[in-house]
Amino acid sequence: MPNSISHDFICLLFTLGCLPLLFLSALPSNLIWYLCLIFLILTYIFFYLVRRFKFIPLIFIGIGFLWSTHHAQEYLQLVSHYIDKNINIRAEVVSLNSQNNFIEEYSKNVTFNITHVNQKAIDYPLPIVLVWNNKELPFAGQIWDMSVKTKVVHSYLNEGGFDSQRFAIANRKLLTGSIKQAELVENTINSRQFIVNLILPYINLFDFSDIFLALAFGDRSHLTQEHKTVMFETGIAHLMAISGMHILLVAYIANRAMRFLQILLPINIISHWQPLILGWFIAVIYAWLTGLNPPALRAILALTLWLFFRYKNYQITSWQMINRIIAILLIIDPFMILSESFWLSCYAVVCLTFIAHWFPIKYFRQKRYYLLQLVRLQLLLTLLLLPIQLFIFNGISSVSIVANLIAIPIISFITFPAILFMIICDLLHCHYLIIWFGFIAEQSLYYLFIILKQIKSYWITFEQSYYLLSISGWLILIIWRLSLWRYYYITILLMLLILITPILKRNQPNWQIDMLDVGHGLVVVIRQGKAAILYDTGAKWQNSSAAERIVIPFLRWHGLNVEGIIISHEHNDHIGGLSILQQYYPNAWLISSTQRLNNDYLCKAGEELIWNDLKLLFLWPNDIDNQAFNAESCVVKVSDDQFSLLLTGDLERQQEEQLVLKYRKLLFSTILQIPHHGSNTSSSYAFLNYVKPTVSLGSVSRYNPWKLPSNKVLQRYQTLNLNYKLTSITGQISIRFYQNDWFITGFRTELKPRWYHDWFGSFTNNR
């Protein structure tokens, strides 16, 4: 190794080499990968012999690139063999069961580690997430033989939405499936499940049992919607996810306890390493108890490395420590770079280190300044964390500073320790102490939520144009600390102008349509500037809806205001999110073809509506009824006198024929929304011949029980040479209309092409 390159520089270069894993549109093929490896080896040998070390950094960047892409290729090759297949597996239950034994119905995603496929052992355990509907409950550690139909995580890909494909790959849980038959082979539960079974009857005695389970075992599946809403809107949801803060808090409590116990030990056996080792050991046990989820695992690895560096007496700065730990974490698992929690953890540590070095606490020893310094720290953190907050969560809580100032001390010093002591007392069979500590934890949460409900406010969202401006907090602090404003005010002004440039850009389309990827359902956003109309609202599910998870985040991402909502008909996949959207946009007018809704206008053939520069012509139905189903779908043609969009809902063949007889050439449109998700009961030849769309858009789910779109329907489009795009393949579809031209883009292929957004598996099973 050349002596002219420091270890810290090597770590930084390796980390930079792993970064492309975030942005690559496709992974390098095996041939290209091996050619790059040979090139790097030859380059290193050449420059080492001639002593030209200035090109050596490229070598370490290349090593990081090859290391990360190799892991990605290896994982995808392993998983790809089992996607969309019926297989027999033997697998061990990984997920903790925190349900009661007497529950009659149990439906939950359960994680397994596959050890055998079709009676053959595989080299490495392969994680799979299965939907469990069996009445016999699974417990962690059990071995099951199962017949399963495998699938793959196929994300709804929309701007501003959650990227479940990237999340699944980052956690190596891309493979999913449903169980056809299951048989218990070994009924031995592991130690984690044993501890959960012991403490669960006591936890269920308390009203905040959902939060107890989240803090004790990292199980957030029981969090009530009320608690989720309060924590999200006040910005304290991070306190309920097991992270580095919880791991370090456990280590600190164990450290202090050992310091106290050292008073009882003989002086000759007391060592300053005893509290550190015990703190580390207890932290490892707690991380194991929570399932060693990625944030907990990262925290344990970081704590271990910190102890190692201290043991070796390395005199390194905190910046060097952060740099080396990040590099070692990426060596252990390059997929961490795809994890949002990884970026949050690293970014938060960087912010804290920056504050410690650039804005040190001046009056730490004076107790009267503790609260002032805590407020100061929270203000600085909020300002510095703003960029990543906007990037990941698309906004911030308006009361997060106050809420965190209240919640962090209560959770950290009362609730969390009390829950830990509940577990310890349970293992020691101190039943009265379990109830006592549980009462303390519950009371702390009770009064905390009383306060949080009083200060709860709306979530402040920012559209994407303002994201670059969010780094101005860093610039302001650096400029202020170095007094740069005294001498470089022109440069500072230029920097601020660069930051606001995205807000000032004017190359906007005349109007735009976005067909959102909502699975089996329909949402089309029609927008001019910041004003928008929605055609349908997607489905409502058991615990959420497409409106909450997809539509509203998309609207906030672009800073859109919904002025109107058109409902095609009353099936759940079209009207499910209406009530939610009306809560967020109470002033939006409503149009539908049913009298049961509180309409501002009626969708009736022949009616027209002028909305800004667009004309909405309603073509169907002829009459309004009390209920609207497929046959009564609201058909509307949106046009600007040059380009047009025909929205059809779930219209069927009989109604298509009536439209052809009544309107004929008036049906001609630039864009067609494929009727009824591509069902064989729609898209008749006559209808398509008169519409003659340049592009047809279909809103479909990859895995739907009706296997839509129908192969016969797609054949019709191909026979007529009609181009079509499906949300299941492209994700969100956006079309921008300009004065004399228009452009179409898909999220998966143009807006954000990434290797982790690929269509994994075969196209033949279901589109």
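Against the list (1) at pLDDT below 95; (2) buried (at least 23 other Cβ atoms within 10 Å of the Cβ); (3) of a type in the set (Phe, Trp, Tyr), the condition TYR535 fails is (1). Note on the range 326-436: enclosed helices (runs of 4 or more DSSP H) holding 1 or more residues that are in the same structural domain as LEU239 (by TED's automatic domain parsing) and farther than 20 Å from ALA283 by Cβ are 400-410. Taking helices (runs of 4 or more DSSP H) as the structural unit, those lying wholly within the range 653-767 and holding at least 2 residues that are over 26 Å from HIS558 (Cα atoms) and in contact with a helix residue (DSSP H, G or I) (Cβ under 7 Å, 6 or more places away or on another chain) correspond to 653-663, 685-691, 711-719. Look at ASN598 and say whether it is free of Cβ contacts under 8 Å to residues at least 24 places away in the same chain, farther than 23 Å from GLN658 by Cα and assigned by TED's automatic domain parsing to the domain that holds ASP536. Yes: the conditions hold for ASN598.
Yes/no per residue for (1) touching a Gly at 6+ places or on another chain (Cβ under 9 Å); (2) in the same structural domain as ALA302 (by TED's automatic domain parsing); (3) not in a helix (DSSP H, G or I):
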position	(1), (2), (3)
LEU205	yes, yes, yes
LEU213	no, yes, no
LYS228	no, yes, no
PHE232	no, yes, no
TYR252	yes, yes, no
ASN255	yes, yes, no
LEU276	no, yes, no
PHE281	no, yes, no
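Mind listing just one residue for me: the one in the range 756-767 that is surrounded by 20 or more Cβ atoms within 10 Å (Cβ to Cβ) and more than 17 Å from VAL518 (Cα to Cα) and, of those, modelled with the lowest pLDDT? Among them, the one singled out is GLY761.
Pairing residues of the range 508-535 that are assigned by TED's automatic domain parsing to the domain that holds ASN587 and without any contact (Cβ under 8 Å) to a residue 40 or more places away in the chain with residues that are in a loop (DSSP other than H, G, I, E, B) and surrounded by 24 or more Cβ atoms within 10 Å (Cβ to Cβ), at Cβ distances under 7 Å and at least 6 apart in sequence or on separate chains, gives VAL525/LEU516. A Cβ distance below 6 Å, combined with a sequence gap of six or more or placement on separate chains, defines the contacts here; from the range 407-424, residues that are at positive phi reach no residue that is modelled with pLDDT of 90 or more. Look at (1) within 19 Å of ALA539 (Cα to Cα); (2) outside any strand (DSSP E or B) and you find that ASN622 fails only one, number (1). Checked against (1) in a helix (DSSP H, G or I); (2) free of Cβ contacts under 8 Å to residues at least 24 places away in the same chain, ASN313 passes all but condition (1). Screening ILE591, ILE610 for residues that are surrounded by fewer than 19 Cβ atoms within 10 Å (Cβ to Cβ) and either over 33 Å from the mean Cα position of the chain (by Cα) or part of a strand (DSSP E or B) (or both) leaves exactly one candidate, ILE610.
Results for (1) out of contact with any helix residue (DSSP H, G or I) (no Cβ under 6 Å at 6 or more places or on another chain); (2) outside any helix (DSSP H, G or I), shown as yes or no for each residue.
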position: GLN508; (1), (2): yes, yes
position: HIS520; (1), (2): no, yes
position: LEU534; (1), (2): yes, yes
position: GLN542; (1), (2): yes, yes
position: VAL551; (1), (2): yes, no
position: ILE580; (1), (2): no, no
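The residues of the range 63-86 that are among the charged types (D, E, K, R) and either touching a residue at least 12 places away in the same chain (Cβ under 8 Å) or at positive phi (or both), listed by number, are ASP84, LYS85. With the requirement that a residue be exposed (fewer than 15 other Cβ atoms within 10 Å of the Cβ) and either among the aromatic types (Phe, Trp, Tyr) or under 27 Å from the mean Cα position of the chain (by Cα) (or both), what does the range 440-454 give you? Within the range 440-454, TYR446, TYR447, LYS453 meet the criteria. Pairs linking a residue in the range 561-576 that is outside the structural domain of ALA628 (by TED's automatic domain parsing) to a residue that is surrounded by fewer than 24 Cβ atoms within 10 Å (Cβ to Cβ), with Cβ atoms under 7 Å and 6 or more positions apart or on different chains, do not occur. Scanning the range 173-192 for residues that are surrounded by 14 or more Cβ atoms within 10 Å (Cβ to Cβ) and either more than 20 Å from ASN133 (Cβ to Cβ) or at pLDDT below 90 (or both) gives LEU174, ILE189, ASN190, ARG192.
Just one of (1) surrounded by fewer than 23 Cβ atoms within 10 Å (Cβ to Cβ); (2) small (Gly, Ala, Ser); (3) under 16 Å from ILE591 (Cβ atoms) fails for SER644. It is (3).
Results for (1) buried (at least 19 other Cβ atoms within 10 Å of the Cβ); (2) β-branched (Val, Ile, Thr), shown as yes or no for each residue.
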{"residue": "ILE267", "(1), (2)": "no, yes"}
{"residue": "LEU301", "(1), (2)": "no, no"}
{"residue": "ARG324", "(1), (2)": "yes, no"}
{"residue": "PRO334", "(1), (2)": "yes, no"}
{"residue": "PHE359", "(1), (2)": "no, no"}
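The values are calculated or read from the model by the stated rules, or taken from the named source; none is laboratory data. Quick caveat: nothing in here was measured; it's all calculated off a predicted structure. Positions of Cβ are backbone-derived with ideal geometry, glycine not excepted, and every protein chain shown enters the neighbour counts.
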